[in-house]
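The values are calculated or read from the model by the stated rules, or taken from the named source; none is laboratory data. All values reported here derive from a predicted model rather than from experimental measurement. We place every Cβ from the backbone using ideal geometry, glycine too, and count neighbours over all the protein chains shown. Note: areas computed on protein heavy atoms with side chains; ligands, DNA, RNA excluded. Shrake-Rupley method; radii C 1.70, N 1.55, O 1.52, S 1.80 Å.
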Amino acid sequence: MRTVKFYKGVFVVATIYDLVLGFVFFFFYQNIFNLFGIPLPDNPSYAHLSAAFVFVQGLSYWFVYLNLKRNIDIVKVGLVYKIVYTAVAFFHWGRGTLPHPMFALFGFTDLIFIALFALYLKDYKLVIAKGE
């Protein structure tokens, strides 16, 4: 049986993952893109807007960690976010229009979070709401 401690760990990892990705891509996207041979966007705001959104998602998972019971709706939004990112990344990967396979790798990582967030929602009444 999964426990509150297990889900706290899930959301700490989700927090760190998205905070780090957001931070790194916000401040160092040019270095990363150059390293992987990805053409730079015409305007840095494209990278900054995406990176800022990822960072904020990471911050939201921290709020879930702080109160698993109260912040269930953040998990629902996070689940949709992860599904949409993965779907878009895989769609473009399949069409050959993804700037680099690294973005598909992020989608595969998000598949893990999708499964874990779905388990949290499934277990909510049995584990989280009871505080076990």
Would you mind finding the one in Lys69, Lys130, Lys125, Lys76 that is part of a helix (DSSP H, G or I), open to solvent by 60 Å² or more (accessible area, probe 1.4 Å) and modelled with pLDDT under 95?
-> Lys125
If only one of Gly78, Gly37, Gly58 is under 24 Å from Gly9 (Cα atoms) and touching a residue at least 60 places away in the same chain (Cβ under 8 Å), which one is it?
-> Gly78
Under 6 Å between Cβ atoms, at least 6 apart or on separate chains: pull out the pairs that start in the stretch 12-29 with a residue that is touching a residue at least 12 places away in the same chain (Cβ under 8 Å) and within 16 Å of Ala47 (Cβ to Cβ) and end on any residue that is surrounded by fewer than 17 Cβ atoms within 10 Å (Cβ to Cβ) and of a type outside the set (Lys, Arg).
-> Phe26/His48
Working only within the stretch 89-122, note down all residues that are open to solvent by 30 Å² or more (accessible area, probe 1.4 Å) and hydroxyl-bearing (Ser, Thr, Tyr).
-> Thr97, Thr109
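Rundown of residues vs (1) within 14 Å of the chain's Cα centre (by Cα); (2) of a type in the set (S, T, N, Q); (3) surrounded by 15 or more Cβ atoms within 10 Å (Cβ to Cβ); (4) in a helix (DSSP H, G or I), yes/no style:
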{"site": "Arg2", "(1), (2), (3), (4)": "no, no, yes, no"}
{"site": "Val10", "(1), (2), (3), (4)": "yes, no, yes, yes"}
{"site": "Ala14", "(1), (2), (3), (4)": "yes, no, yes, yes"}
{"site": "Val20", "(1), (2), (3), (4)": "yes, no, no, yes"}
{"site": "Phe27", "(1), (2), (3), (4)": "no, no, no, yes"}
{"site": "Asn31", "(1), (2), (3), (4)": "no, yes, no, yes"}
{"site": "Gly37", "(1), (2), (3), (4)": "no, no, no, no"}
